[in-house]
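Trainee: Here it is, the structure, as structure tokens.
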Protein chains: 2
Amino acid sequence: MHNVKFSVVEKNSHSVTLIGMSKTLLVKNVHPLGKEAVDLLVLDGLIAQITPAGSTQNQADTVIDGNNQLLLPGLVNAHAHIDKNLIGQPWHRNELQGATIRDLVDYERKIQLEEGLSTRTQSKLDVEASIAAGTTHIRTHVDIDPEIGLTGFEGVLGTKEEFKDRLTMQTVAFPQRGMLINPGTVELLEEALKMGADAMGGLDPSTVDRDPTQHINIVFDLAQKYGVEVDIHLHEPGMLGAFSVELITERTQALGMQGLVTISHVFCLGMVDDGYLNRLIDQILENDITIMSLGSGKGDFPPLKKLNDAGVRLCTGTDGVRDTWGPYNYVDMLERIKLMGYRSGFRRDEDVEMLLKVATYGGAAVMKDDSYGLEVGKAADFVIVPGEATTQAVVELRPRSYVIKRGRIVAKDGALITD
Amino acid sequence: MHNVKFSVVEKNSHSVTLIGMSKTLLVKNVHPLGKEAVDLLVLDGLIAQITPAGSTQNQADTVIDGNNQLLLPGLVNAHAHIDKNLIGQPWHRNELQGATIRDLVDYERKIQLEEGLSTRTQSKLDVEASIAAGTTHIRTHVDIDPEIGLTGFEGVLGTKEEFKDRLTMQTVAFPQRGMLINPGTVELLEEALKMGADAMGGLDPSTVDRDPTQHINIVFDLAQKYGVEVDIHLHEPGMLGAFSVELITERTQALGMQGLVTISHVFCLGMVDDGYLNRLIDQILENDITIMSLGSGKGDFPPLKKLNDAGVRLCTGTDGVRDTWGPYNYVDMLERIKLMGYRSGFRRDEDVEMLLKVATYGGAAVMKDDSYGLEVGKAADFVIVPGEATTQAVVELRPRSYVIKRGRIVAKDGALITD
């Protein structure tokens, strides 16, 4: 235990003194992941003590009465596109034609230009709504291409800087409009890596770039050159997608990049036969590759329980929210878990709890945040939300009572706290 | 126009005088299904006048300022099980084993008995939450079997009576635990029809009752004998389900019961090949059969857009909510539309709007409510909800500002009005 003097600031246990970054924060009477109630003491942004509820005195700079609610670790959105939402804009009536990735991307760019959207503003609005919903970590893919250059990336970097004390953010340099088919893109991606992108992105090596081996080589070479991770979008279906998974695992192995590669969406894992799937799982495990899945509205998606039980690292995210791709997604990671459970046919609480782990510890692992977790010595990144059980919180989606980042109250009753 | 004298009761257009059943109600500045703003005058429970917003004087017993929000017709939950929820109970940790209908039903009964749940109480709680969410009509299937007899049905009838001025309800006598395999059930179903059930239910003629022709004959014979409709649950997959659809359409034709039969769920319509599906659609159209679908979390379900475009009558509902079958479903019909759009891969607003019609006009049609609709002369059953567009209301799921049933304010700001 840290040796520290506490002073009583607030005696009424139902009220809170919001003093921004507090030296000591005492959270009373919360149920970590639905388990027995505890009191939790935070010191300089770290969890200093966890004791049975009621065993701690009201002595801290700030005291929160958890009032028998749930305590969840900070929600981790490990796959976002905070540069491409329409939050705060008038409602966009979606009149998309076509259904290929190219159709979707072209429609998106058309609307972005027509509306004159600022990536800096939109990413800020996304982050504010995300924090209010309990998100403490975001890995975001950022569009980079010759038409917009690094404008979008710079906007997101500005938002990352603005919220650096309230949100852990990673950026992925992402060739949304293709790389080989879009001359000038590779140079811009490299520039983004020089500017501090945390990972090198990729996209459908066969169906978009028409040269899977070359696409994957460039992605991995740039990642190695700048010492960053790889995170590749893979929408390709069936055997074609599975071939891309093989190419990615082979390249990971050849370059010794085990533990540094994520494949996102990977719908093909829900499409191939069981025998082939088992071989792919073996390759994924051997190369410690993370699978990012947020399920899917209409189509197949990876079998989450099977992958989890096999020991595959999993993470999830919101994908783009309230954008031209469709109206359904939003920033709330608990809603994401609800949709993934619904789509997976999970009826039992223990299966929903598995998804909550994916959306918390799973995401923190892919973001390599060693300070993450509801344990003494870890960063005080957590969420207090009403509910008797975590599955109840997931399905009811009630406003978050408190969101804490590094010991600081960043949102209360569903609303961002602005200092 | 009706010839009526108005008296000014309330001049402040932002406030409302809640006087229960009002003779005249004026709703100002609302957008019917997102269209141009109107004022709407209600007289003795019926829509008496719809005029451009701002053209009406503040003269009515009750005035609501719609404040530029959306006006939706009352939401119609055409497939509910209000006898089997766990609303208001401590959170139930789901530990279901198995996945067949029989496993689900046995687990459900086990928990119901352990918890000592009252159907009268649970159905009341369901109805209260439903009204608060904008539902003005419910068709509910009610479990009837020798173990519980007519207890559940009597409980639901009590709730129907209690809420008769605030909700239009139909009951379906439903053999959830089988009919032929469960001696005594047929006699109880007939008793429920004598007591006023509005439709005769059925369930998986092959997979549950093991004698599809006999099952269907009994269902139709009882329906004919008591002059009620037919509404059959059909979960059977693929060609087996399709065969049941054929038997049902053939029986409908043989008995001249066109327009009086609903098949619910009918997952098989999403499983058979296109050629066979087209032949089934022809039979469904020829017999004016309604298809009730609420989509599906994991598995296949009917192709809603194809059916709608072919002219098939569609309706939808919540199914059982917060029950032992799984945690996801709840009473909000706008959430149901959101999930159906998500599962159908609908990105365009016009497709979501189609689903909203299914959840309103489609349900009212199957319930044969000729007084339904946002038109002069129709019953004043409607919902006021924030949003610029109906699709926005569907994805945001904000609390309903007002719910009106027959001209009476039955809910406000997401909460039931209790007189």
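Where a number appears in this text, it was derived from the coordinates with a stated rule and is not lab data. These figures come from a predicted structure and were not determined experimentally. Please note: Cβ atoms are built from the backbone with ideal geometry, for glycine as well, and neighbour counts cover all protein chains shown.
Trainee: Given a cut-off of under 8 Å on Cα pairs at least six residues apart, what relative contact order in percent is computed for segment B:41-169?
Mentor: Here the relative contact order equals 30 percent.
Trainee: Another question, if that's okay. Just need the relative contact order of segment B:75-366 here, percent rounded to a whole number, with Cα pairs under 8 Å and 6+ apart.
Mentor: Relative CO of segment B:75-366 lands at 20 percent.
Trainee: Hey, quick one: spin label on A:Glu161, modelled 7 Å out along Cα-Cβ, who in segment A:121-151 has an amide N within reach, i.e. under 16 Å?
Mentor: Those under the cut-off are A:121, A:123-124, A:150-151.
Trainee: At 222 nm, what value in deg cm²/dmol follows for chain B if DSSP H runs of at least 4 each add -39500 (n - 2.57) and the sum is divided by all its residues, to the nearest 500?
Mentor: About -10000 deg cm²/dmol.
Trainee: Then there is this: At a Förster distance of 41 Å, what's the computed FRET efficiency of A:Ser371 paired with A:Glu187, Cβ-Cβ distance as r, to 0.05?
Mentor: Working from the Cβ atoms, E equals 0.70.
Trainee: Mind listing the Cα extents of the protein assembly as shown along all three principal axes, in Å, largest one first?
Mentor: For the protein assembly as shown, the Cα spread along each principal axis is 79, 62, 56 Å.
Trainee: What ranking of B:Leu46, A:Leu117 emerges when the number of other C-beta atoms within 10 Å of each C-beta is taken as an exposure proxy, fewest first?
Mentor: So the residues, fewest neighbours to most, are B:Leu46, A:Leu117.
Trainee: Another question about this same structure. Can you sort B:His31, A:His137 from fewest to most other Cβ atoms within 10 Å of each residue's own Cβ?
Mentor: Ascending Cβ contact count within 10 Å gives the list B:His31, A:His137.
Trainee: Continuing with the same structure: For a quick check: sort B:Arg408, A:Arg109, A:Arg279 by the number of other beta carbons within 10 angstrom, fewest at the front.
Mentor: Ordered by Cβ neighbours within 10 Å, fewest first: A:Arg279, A:Arg109, B:Arg408.
Trainee: What dipole magnitude, in Debye to the nearest 20, does the protein assembly as shown give about its Cα centre under +1 on Lys/Arg Cβ and -1 on Asp/Glu Cβ?
Mentor: Computed about the Cα centre, the dipole is about 1780 debye.
Trainee: When we measure straight from the Cα of B:Lys164, which lysines land under 22 angstrom away, once same-chain ones fewer than 8 places off are left out?
Mentor: Straight-line reach from B:Lys164, under 22 Å: B:Lys23, B:Lys84, B:Lys124, B:Lys194, B:Lys368, B:Lys378, B:Lys405, B:Lys412.
Trainee: Also: Taking a label point 7 Å from Cα toward Cβ, how far is B:Ala37 from its twins in the other copies, in nm, shortest first?
Mentor: Its label point is 4.9 nm from the equivalent points in the other copies.
Trainee: Report for chain B the percent antiparallel among DSSP-assigned beta bridges with both residues inside it, nearest 5.
Mentor: Restricted to chain B, the bridges split so that about 40 percent are antiparallel.
Trainee: Tell me, in nm to one decimal, what length is gained between B:Asp309 and B:Glu36 on full extension, where the rule is 0.36 nm per residue of separation less the Cα-Cα distance?
Mentor: Full extension from B:Asp309 to B:Glu36 adds 95.7 nm.
Trainee: If you don't mind, there's one more thing I want to ask. With a 10 Å radius around each residue's Cβ, average the other Cβ atoms per peptide and rank A:210-216, B:363-369, B:76-82, highest first.
Mentor: Ranked by mean Cβ neighbours within 10 Å, highest first: B:76-82, B:363-369, A:210-216.
Trainee: Another one. Excluding same-chain residues fewer than 8 positions from A:Lys35, which lysines have a Cα within less than 17 Å of its Cα?
Mentor: Here the lysines satisfying the reach criterion relative to A:Lys35 are A:Lys357.
Trainee: Oh, and also: Considering just Cα atoms, how many Å³ per residue does the convex hull of segment A:75-366 enclose?
Mentor: Here the figure is 119 Å³ per residue.
Trainee: Right, here's the next one. Quick one: with label points 7 Å out along Cα→Cβ, list the inter-copy distances for A:Gln89 in nm, shortest first?
Mentor: Label-point distances to the other copies, shortest first: 4.6 nm.
Trainee: Next question, about the same structure. How big is the charge dipole of segment A:75-366 about its Cα centre, in debye rounded to the nearest 20, if each Lys and Arg gets +1 on its Cβ and each Asp and Glu gets -1 on its Cβ?
Mentor: The dipole magnitude comes to about 560 debye.
Trainee: Any idea what the dipole of segment B:138-296 comes to, in debye rounded to 20, about its Cα centre with Lys/Arg Cβ at +1 and Asp/Glu Cβ at -1?
Mentor: 180
Trainee: Still on this structure, I have one more. On C-alpha positions alone, give me the angle between the axis of helix A:333-344 and the longest principal axis of chain A, in degrees, nearest 10.
Mentor: Value to nearest ten degrees: 60.
Trainee: Quick check: pseudo-label points 7 Å beyond the Cα along Cα→Cβ at A:Asp103 and B:Asp413, how many nm apart are they?
Mentor: With each label point 7 Å from Cα toward Cβ, the separation is 4.5 nm.
Trainee: Using a Förster radius of 35 Å, what is the FRET efficiency between A:Lys357 and A:Gln258 based on their Cβ-Cβ separation? Nearest 0.05, please.
Mentor: Computed FRET efficiency for A:Lys357 and A:Gln258 comes out at 0.95.
Trainee: A further question on this structure: Just grab the label-to-label distance for B:Thr151 and A:Thr51, each label 7 Å out from Cα along the Cβ direction, in nm (one decimal).
Mentor: Those two pseudo-labels are separated by 4.9 nm.
Trainee: Continuing with the same structure: Give the range of the longest stretch in chain A that excludes all GluC sites (Glu not before Pro) found in loop regions by DSSP and having at most 15 other beta-carbon atoms within 10 Å.
Mentor: By the stated rule (loop sites, at most 15 other Cβ atoms within 10 Å), A:148-374.
Trainee: When we measure straight from the Cα of A:Lys298, which lysines land under 18 angstrom away, once same-chain ones fewer than 8 places off are left out?
Mentor: Excluding near neighbours in sequence, the set is A:Lys338, B:Lys298, B:Lys305, B:Lys306, B:Lys338.
Trainee: Binned at 5 Å from 0, what are the whole-percent values of the Cα-Cα distance distribution for segment B:235-337, short to long?
Mentor: 2, 13, 23, 24, 18, 11, 7, 2, 0
Trainee: On to the next question. Find the Rg to Rh ratio for segment B:79-163, where Rh is the Kirkwood radius over alpha-carbon pairs and Rg uses the same atoms.
Mentor: 0.97
Trainee: Between helix A:274-286 and chain A, what is the angle of the helix's C-alpha long axis to the longest principal axis, kept within 0 to 90° and rounded to the nearest 10?
Mentor: Helix A:274-286 and the main axis of chain A meet at about 70 degrees.
Trainee: Could I ask something else about it? If you take every DSSP beta bridge whose two residues both sit in the protein assembly as shown, what share of them, in percent to the nearest 5, is antiparallel?
Mentor: If we restrict to bridges inside the protein assembly as shown, about 45 percent are antiparallel.
Trainee: Which angle between 0 and 90 degrees, to the nearest 10, do you get for helix A:212-226 versus the longest principal axis of chain A when only C-alpha atoms count?
Mentor: Result, in degrees: 50.
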